[in-house]
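Peer 1: The structure that follows is given in the form of C-alpha cells.
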Amino acid sequence: MGKFFAGLIVVLILIFGLGVSQYNTMVQLSTEVEEGMANIDSSLERRADLIPNLVNTVKGFAAHESGIFSEVTEARKALLSAKSIDEKAQANEALSGALGRLLAISENYPDLKSDKVYIGLMDELAGTENRISYARDQYNSRVKKYNACIKGFPGSMFASQFGYEPAVFFKADESKKAVPKVEF
C-alpha cells in the first residue's frame, strides 16, 4: 500500500511539473505573439504617420487629384482605428491599394518625382514597407509556434485549462492572392 501511494505521489508530481512547464511555455509563446503584433502595429503606425506628408507633397504638384487624397486619408483612418488582426489586415490592404494609386499619379509629374522631399518620403516609405513585411513574417512565425504548442501534446491537455486559445495569423486579403490576367 505504501508503494502505491509513493508511486501515486511521484506520478502527481510529474503531472504537476509537466503542467507548470507547459504553462510557462504557453506564457512565453503568448508573450512573443503579443510582441509580434506590437511590432506590426508600430510599423503600420509609422507608415500611417508618413502618409500625411506624402499626400501633402503630392498635393502640391497635383492639386486636382483630390479623389485619391481623400481615399488615402480614409484608408489611413481605417488602419489606425482597426482593432482585430483581421481588421488590421483588411485596412492594411486598403491603404496599400490607395497608396499604389497615389504613387501612380506621381508618374505623371516629373517635377514631383525629382523633388527631394518626395524622394526622402519614398525612401522612408519603402523602408517602412520592408519593416511591415518583416514584422508580419515574424508575427506569423510566432503564431505558428504558439499554436503548435497549444494544439500539440501535451500542451493541448493544459491549454484550455489555462485559458489559451489559438492565435490568428496576419493574412493577406484573398483577392490580393490572385494572379492578374495579362493580355496583349
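Just so it is clear, none of the values below were taken in a lab; they were calculated from the coordinates. Predicted, not measured: the structure shown is a model, and the values here were computed from it. Virtual Cβ from ideal backbone geometry, glycine too; neighbours counted across all protein chains shown.
Peer 1: Could you tell me the distance between the Cα centroids of the stretch 1-21 and the stretch 52-108, to the nearest Å?
Peer 2: The distance from the Cα centre of the stretch 1-21 to that of the stretch 52-108 comes to 60 Å.
Peer 1: Turning to a different aspect of this structure: Rounding to the nearest 20 debye, state how big the charge dipole of the chain is about its Cα centre with +1 on each Lys and Arg Cβ and -1 on each Asp and Glu Cβ.
Peer 2: 680 debye
Peer 1: Moving on to the next point. For the chain, take the longest principal axis of its alpha carbons; what is the angle in degrees between that and the long axis of helix 116-151, to the nearest 10 within 0 to 90?
Peer 2: Tilt of helix 116-151: around 20 degrees.
Peer 1: Then there is this: Mind listing the phi-derived Karplus ³J(HN,Hα) values for the stretch 47-55, rounded to whole Hz, using 6.51, -1.76 and 1.60 with θ = phi - 60°, and x for any glycine or proline?
Peer 2: Here the 3J(HN,Hα) series is 5, 4, 6, 6, 4, x, 5, 5, 4 Hz.
Peer 1: Oh, and also: For the chain, modelled as a Gaussian network with Cα springs under 10 Å, which listed residue fluctuates most, Gln28, Gln90, Gln161?
Peer 2: Top of the fluctuation ranking is Gln161.
Peer 1: Separate question: When the chain is modelled as a GNM with alpha-carbon springs shorter than 10 Å, which of Lys77, Lys145, Lys116 fluctuates the most?
Peer 2: Lys116
Peer 1: May I ask you to evaluate 6.51 cos²θ - 1.76 cosθ + 1.60, the Karplus curve with θ = phi - 60°, for each residue of the stretch 22-28 and list the ³J(HN,Hα) values in order in whole Hz, giving x for glycine and proline?
Peer 2: 5, 4, 4, 5, 5, 4, 4
Peer 1: A further question on this structure: Tabulate in residue order the Karplus-calculated ³J(HN,Hα) for the stretch 64-71, using 6.51 cos²θ - 1.76 cosθ + 1.60 with θ = phi - 60°, rounded to whole Hz; enter x for Gly and Pro.
Peer 2: Couplings: 6, 8, 5, x, 5, 5, 5, 5 Hz.
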